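Written out below as structure tokens is the structure these notes cover.
The values are calculated or read from the model by the stated rules, or taken from the named source; none is laboratory data. Note that the structure is a prediction, hence the values are computed from the model and not measured. Virtual Cβ from ideal backbone geometry, glycine too; neighbours counted across all protein chains shown. In case anyone asks, the SASA skips ligands and DNA or RNA and just uses the protein heavy atoms, side chains included. Shrake-Rupley method; radii C 1.70, N 1.55, O 1.52, S 1.80 Å.
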Amino acid sequence: MAPLEPWEKVLISADFTQSIHGRAGCVACHRGQQSPDKDTAHVGLIPDPSQDAQRVCGVCHGEIVDGFGTSLHASLQGYRTIVYSRSVPENHPALDTAMQNHCLSCHTTCGDCHISQPKPVGGGLLNGHNVEKTPSMTRVCTACHGSRVGAEYLGKHEGIPGDVHFREGRMNCMACHAGTDLHAAEGDAAKHRYWGDQQPACKDCHAQVGRADDPIPQHTIHGNKLACQVCHAVEYTSCDGCHVAISEKTGNPFFKTEATYLSFVIGHNPWPSRERPYEYVVLRHAPVAPTTFEYYGENLLPNFGLLPTWTYATPHNIQRQTPQNRSCNTCHGNAALFLTADKVKSEELEANRRVIVENIPAAIPIP
Amino acid sequence: MRRVGMLLLILGVGVFLGACASQGISTPTPVPTAPLPEAVLTPLSQTDYCVQCHTDKEALIETAKPEEKAPSESEGVG
């Protein structure tokens, strides 16, 4: 996508000013003041009025705005839940400062999905300020979810095909992630994306899989033991050793990740629950290290060993046929696919104890 | 309920803009250097400078600051 010119980012189409959203007038939402001089007009300007959605959207979209605080896009609670789990309450203030500096740019407002390109790609109106009902997959969703989900879904990694739902089905993100799911989260799902219901679940659309009349033996034999991705995903992104700091030169926050690689790893389910009963899921390495936040203080993650660094994953590169599901014994007896102890860094062994596979499923004797 | 809310908002905003407009009248309004584009139909037929500038590509090209993007020191995939 060619980057927008500075003027293109702020050019408003005349029909917006006549629309239900534009009729109120710019100042009602953005403040600032009437003046022909740009700098004067912009005094007190609020660049993104939907930071305070209650004020500018709430009157007419009260229900959505009321629930929005629970959505992970608004709260970024998923990060906090995980970072706190590896730490202790005394360290929360230092960690909060770090998250404030390094995570806040990913905070997502109504405007970031419906009006402007998200800030991490430089902002700019999507369509002359008109409010877009359906966010654009590439200009909105993968602008933020590009390096992992977007690259997998759209098939950007050399030699690895994109997701069958994209290649064959031409489905966009919204075909599976409905507006209501993104606008609010319920119960445990408000704390972490993999706590609570699967949203969506593959079986929402593939209800026949695993039923008695399913002609595919691999489906009926395994029941709920394996997550679908164990057989239907292919190599996906993992990262190691992210460290964050503030630049001495510019004062800007930055990060460094030690390594990024593609791999495919089956391990035990770190978070089995009624909604996610699988014994085996695919795991990706999260970019965390004991020293990730050391710029903000010493030993800020003293409970590093409590959470696996190989973590629950749902890669977006589903295929009907995969190297591991081609036959029973491309998987059974194939230790290369499983997270065995030798694949885990020694300093992370303790953290990953419960996801490491001790006994890989034995090869099935060919009759 | 929703409709009523909407009406209230539109009315409220009308009052708000009214307030701006009366201020505009008490101070002399600078004469626009270019004729107003036809498309600009302002709510109270007062000059809405925000709309005037933000619908005028040339004006935006003239006034937009070049983007100074501090080079990011981040390394690796975020």
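Would it be correct to say that A:T291 is more than 27 Å from A:D197 (Cβ to Cβ), within 14 Å of chain B (Cβ to nearest Cβ) and surrounded by fewer than 19 Cβ atoms within 10 Å (Cβ to Cβ)? In short, no. The strands (runs of 3 or more DSSP E) found wholly in region A:263-340 and carrying at least 2 residues that are in contact with a Gly (Cβ under 8 Å, 6 or more places away or on another chain) and over 26 Å from A:S87 (Cβ atoms) occupy A:280-285. Applying the set (1) charged (D, E, K, R); (2) within 14 Å of another protein chain (Cβ to nearest Cβ); (3) open to solvent by less than 20 Å² (accessible area, probe 1.4 Å) to A:R276 leaves exactly one unmet item: (2).
For region A:1-54, a residue qualifies if it is part of a loop (DSSP other than H, G, I, E, B), more than 11 Å from chain B (Cβ to nearest Cβ) and free of Cβ contacts under 8 Å to residues at least 12 places away in the same chain, and the qualifying residues are A:A2, A:V43. Does A:N303 satisfy the condition of being crowded, with 20+ Cβ neighbours inside 10 Å, in contact (Cβ under 8 Å) with a residue 60 or more places away in the chain and among the polar types (S, T, N, Q)? Judged against the criteria, A:N303 is not a match. Being assigned to a strand (DSSP E or B), surrounded by fewer than 22 Cβ atoms within 10 Å (Cβ to Cβ) and modelled with pLDDT of 95 or more is the requirement here; does A:T237 meet it? Answer is yes for this residue.
Going by the conditions given, is A:E152 open to solvent by less than 30 Å² (accessible area, probe 1.4 Å), under 27 Å from A:P323 (Cβ atoms) and among the charged types (D, E, K, R)?
Working: open to solvent by less than 30 Å² (accessible area, probe 1.4 Å): yes; under 27 Å from A:P323 (Cβ atoms): yes; among the charged types (D, E, K, R): yes.
For A:E152, the condition - open to solvent by less than 30 Å² (accessible area, probe 1.4 Å), under 27 Å from A:P323 (Cβ atoms) and among the charged types (D, E, K, R) - is met.
Taken over region A:92-118, residues that are without any contact (Cβ under 8 Å) to a residue 40 or more places away in the chain and of a type outside the set (D, E) amount to 12.
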